[in-house]
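Here the structure comes first, spelled out in structure tokens, and everything after it is commentary.
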Amino acid sequence: MTAAAPPDPHTRRHLTWDGCFNVRDLGGLGHHAPGAFVRADSVQKLTAAGWAAAHAHGVRTVLDLRNDDERGTDAAPRPDGITTVRLPLDGIEDTAFWEPWFTDWRWGTPLHYRPFLDHFPERVAATAEALAAAAPGGVAFHCAAGRDRTGLVSLLLLSLAGAPPRRSPPTTPSARRG
């Protein structure tokens, strides 16, 4: 008799909430426990059953990172016991910053994280503070489809958890020999 294989962490992270296409539990990032942070593509599309699943998973705060022009009407009422904090992350009104990113292939890639962090420190700090304040009750952060907020927020979660940065392996022969 062979032992069962351990569950695939990617499968374990995938959550099925009716109305959302892409929901992931980010437990395990840094030192965060399962259920502490969930990323969701579009919670406004959740059905009543989807909201019930989110609540049952432990979500008590939705951190809505979308810009005003991305928001729509909820398909179903949000249940009592779930608070929504609206905190637009992008600073999209700063066209001078965003224009170069929108005109080439780098938009929507991690290449803009460092420039974004440097250019919008107050927005990043406000997002980190909101994540830290809401974390004990389970947080779903809402990232609209087509925007690259998920990776940036994941980096914030790692920093909140005190996870050490990953180091790249040496690339030169002399560095590899040590």
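Rule-based calculations on the coordinates, nothing more; no lab input. Keep in mind it's a predicted model, so treat the numbers as computed, not measured. All Cβ positions, glycine included, derive from the backbone under ideal geometry; neighbour counts span all protein chains shown.
Could you give the dipole magnitude of segment 40-116 about its Cα centre, charging the beta-carbon of Lys and Arg +1 and that of Asp and Glu -1, in debye to the nearest 20?
For this selection, approximately 380 debye.
Considering the dipole of segment 51-99 built from charges on the beta carbon (Lys and Arg +1, Asp and Glu -1) around the Cα centre, which of V85, G72, A56 is farthest to its positive end?
A56
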